[in-house]
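Below: one structure, written as structure tokens.
The values are calculated or read from the model by the stated rules, or taken from the named source; none is laboratory data. What you see is a predicted model, and the numbers here were worked out from it, not measured in a lab. Here the Cβ positions follow ideal geometry from the backbone for every residue, glycine too, while neighbour counts run over all protein chains shown.
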Amino acid sequence: MFILDTQVHMYLPNSPEHPWPDYGDPAPDGSHGSTPTEILPAMDEIGVSATAIVPAIWAGDDNRPALRWAAEHPDRLGVMGRFDLWDPDRTRIERWFDDPGMRGIRMSYPSFRGRDWLDVDRFAWFWAEAERLGIPLMLLIFGQEVRKVAAIAERHPGLPLIIDHMGLLIGQRTGFDAWAHIDDLFPLTAYPNVFLKFSSIPDYTDEEYPYPSLTPMLERIVDGYGPERLMWGSDTTRVLRASYREILDHTRYELGFLGASEKEWILGRTAATVLRWPRPEAGWDWER
């Protein structure tokens, strides 16, 4: 099975050569990075075919390290690059796919930027250009914010919109109920261009693997969206209470309501289709 992980942070350590910006937000230990040197062997060990690199907020907006890694491993790595909406040079979006390793944009911003970037009118030019150019967007949004996606999806029906982490709050980290706004997700099923990232699942419970209490909610999400609109992601470099293997095996083996075809879509086919992933030499057994 072709397995595509849509959520792995890769970044260089904080150093004079590659300094991290001081946004005032929490960040991991800057003396350590997350690079293909560590990630590729971990992928091989558990059977992950390819990974979408998600550059981290805390490491800044420079996509060049991630693109370099993708160029070194074109069958294994692609990049959901960072895009500064406040940069006055709007023309750079025209060049977004100049590098063959670029697969789309991941929209996540430091807290000082506020949350109005998700408004359909505040950056109307951006949504229109992304749709025209066919740029898939991953949106880091939570809770009631998912409601704002409806206006974007309706105005730009050709724009792929991927809601990160199913739009869930991370309960064990914030003290909130991760599922408090789950009902806000389902009206978005009316828009075929809205997808969910089936990711960071161990963060939504205090249980140990295989997280049995999550099964009913996850089944509801699969029933509502269908596997063709869900894409698995591990978030393994940030999810600390579960191993990479456990995160994958939970979806691969523990969700008994998923059949073989549904797993194929969720674990790789949906993301490969939406992100227009290059065909690998082996393990690609469907037509797009």
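Scanning the range 85-126 for residues that are touching a Lys or Arg at 6+ places or on another chain (Cβ under 7 Å), assigned to a helix (DSSP H, G or I) and modelled with pLDDT of 95 or more yields L118, W125. The one condition from (1) part of a loop (DSSP other than H, G, I, E, B); (2) out of contact with any Leu (no Cβ under 9 Å at 6 or more places or on another chain) that E246 does not meet is (1). Number of residues in the range 1-29 that are under 30 Å from R279 (Cβ atoms) and touching a residue at least 60 places away in the same chain (Cβ under 8 Å) equals 10.
Which members of the range 135-146 meet the condition of being in contact (Cβ under 8 Å) with a residue 60 or more places away in the chain and in a loop (DSSP other than H, G, I, E, B)? Before you say what the answer is, go through the steps one by one.
At the first step, the residues of the range 135-146 found to be in contact (Cβ under 8 Å) with a residue 60 or more places away in the chain are 136, 138.
Result: P136, single match.
Applying a threshold of 6 Å to beta carbon distances and a minimum spacing of six or more residues, or different chains, the list of pairs starting in the range 248-269 at a residue that is under 13 Å from V222 (Cβ atoms) and ending at one that is aromatic (F, W, Y) reads T251/W232; I266/F198; I266/W232; L267/W232. Taken as a whole, the structure leaves E219 outside the set of residues that are in contact with a helix residue (DSSP H, G or I) (Cβ under 7 Å, 6 or more places away or on another chain) and over 23 Å from A56 (Cβ atoms).
Scanning the range 219-246 for residues that are under 18 Å from the mean Cα position of the chain (by Cα), modelled with pLDDT under 95 and not β-branched (V, I, T) yields a total of 2.
Only a single criterion out of (1) without any contact (Cβ under 8 Å) to a residue 60 or more places away in the chain; (2) under 16 Å from T6 (Cα atoms) is not satisfied by V149, namely (2).
From the list E154, E72, E145, E131, exactly one residue is acidic (D, E) and within 17 Å of the chain's Cα centre (by Cα). Which is it? Please lay out each step first, then the result.
Numbers: E154 fails: within 17 Å of the chain's Cα centre (by Cα); E72 fails: within 17 Å of the chain's Cα centre (by Cα); E131 fails: within 17 Å of the chain's Cα centre (by Cα).
Being acidic (D, E) and within 17 Å of the chain's Cα centre (by Cα) holds for just one of E154, E72, E145, E131, which is E145.
The single residue among T51, T91, T37 that is under 30 Å from E264 (Cα atoms), without any contact (Cβ under 8 Å) to a residue 40 or more places away in the chain and of a type in the set (S, T, N, Q) turns out to be T37. Put simply, of G114, G47, G60 the only residue that is more than 17 Å from P21 (Cβ to Cβ) and either in contact with a helix residue (DSSP H, G or I) (Cβ under 6 Å, 6 or more places away or on another chain) or not aromatic (F, W, Y) (or both) is G47.
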